[in-house]
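The values are calculated or read from the model by the stated rules, or taken from the named source; none is laboratory data. A quick note: this is a predicted structure, and the numbers were derived from the prediction, not measured. Cβ placement follows ideal geometry from the backbone for every residue including glycine, while neighbour counts extend to all protein chains displayed.
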């Protein structure tokens with residue numbers, strides 16, 4: 001089974017924030033269902049501290065996961081799910097925002113460090129490994145002058161401006177295509 005985790009913060013306050021790019025990517029996948037007729041039913045799994053949906057995609061069992069911990073504790077949900085379902089890290093895909101990538105860009109990696117992302121730091125710490133696939137969605141759109149004025153936490157927890165929404169939607173489309181490719185390998 002492939003386990004696809006989208007990172008974000010719970011609560012309406014954060015629903016459309018830059019830091020919720022992972023949640024928004026899973027919502028985009030659900031909306032488009034990969035071009036297939038898939039019924040996706042989300043349930044709250046208190047044991048694993050996550051909102052999950054299980055489905056078939058291209059004859060592959062997959063689980064979509066949105067941790068219900070705050071971002072900085074995402075590893076608790078991810079490690080709990082991997083242990084319970086006895087899944088290897090090679091079956092894990094994590095989708096998250098990346099302040100080190102320009103808005104509109106995405107990057108796919110099979111392994112690597114967490115960089116400055118606290119949700120990824122938590123996952124790597126809980127799993128004891130950096131060896132899993134991740135799709136990083138760029139959210140950086142500040143000028144050099146603005147970087148000095150904006151507090152990073154406030155920036156990532158803010159929503160996209162009207163002018164940024166088009167670029168972000170494009171990155172969601174790119175993420176969807178890459179995710180579909182990963183699920184057909």
**Fill in**
A careful count of residues in segment 47-65 that are more than 21 Å from residue 177 (Cβ to Cβ), part of a strand (DSSP E or B) and in contact with a helix residue (DSSP H, G or I) (Cβ under 8 Å, 6 or more places away or on another chain) gives 2
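Restricting attention to segment 77-94, which residues are free of Cβ contacts under 8 Å to residues at least 12 places away in the same chain and in a helix (DSSP H, G or I)?
Here is the first cut: in segment 77-94, the ones free of Cβ contacts under 8 Å to residues at least 12 places away in the same chain are 83, 86, 88.
Listed by number, the list holds a single entry, 83.
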**Request:** Looking only at segment 169-182, decide whether some residue is closer than 29 Å to residue 44 by Cα, surrounded by 13 or more Cβ atoms within 10 Å (Cβ to Cβ), in contact with a helix residue (DSSP H, G or I) (Cβ under 6 Å, 6 or more places away or on another chain) and free of Cβ contacts under 8 Å to residues at least 60 places away in the same chain.
**Result:** no
**Prompt:** Across segment 78-89, which residue is nearest to residue 184 (Cα to Cα) among those that are surrounded by 19 or more Cβ atoms within 10 Å (Cβ to Cβ) and touching a helix residue (DSSP H, G or I) at 6+ places or on another chain (Cβ under 9 Å)?
**Reply:** 82
**Item:** Given (1) at pLDDT below 90; (2) in a loop (DSSP other than H, G, I, E, B), number of the condition residue 131 does not satisfy
**Value:** (1)
**Fill in**
Restricted to segment 62-77 and to residues being over 17 Å from residue 21 (Cα atoms) and touching a strand residue (DSSP E or B) at 6+ places or on another chain (Cβ under 7 Å), the residue surrounded by the most Cβ atoms within 10 Å (Cβ to Cβ) is 77
**Message:** I need the full set of residues from segment 155-183 which are over 19 Å from residue 31 (Cα atoms) and touching a strand residue (DSSP E or B) at 6+ places or on another chain (Cβ under 9 Å), in order please.
**Reply:** 155, 156, 157, 158, 159, 160, 164
**Prompt:** Does segment 2-46 hold any residues that are in contact with a helix residue (DSSP H, G or I) (Cβ under 7 Å, 6 or more places away or on another chain), over 18 Å from residue 123 (Cβ atoms) and modelled with pLDDT under 95, and which are they?
**Reply:** 14, 17, 18, 28, 29, 32, 34, 40
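Residue by residue, here is whether (1) farther than 13 Å from residue 22 by Cβ; (2) modelled with pLDDT under 95; (3) within 16 Å of the chain's Cα centre (by Cα); (4) not in a helix (DSSP H, G or I) holds:
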| site | (1), (2), (3), (4) |
| --- | --- |
| 96 | no, no, yes, yes |
| 100 | yes, yes, yes, yes |
| 107 | yes, no, yes, yes |
| 112 | yes, yes, yes, yes |
| 124 | yes, no, yes, no |
| 142 | yes, yes, no, yes |
| 163 | yes, yes, no, no |
| 172 | no, no, yes, no |
| 177 | yes, yes, yes, no |
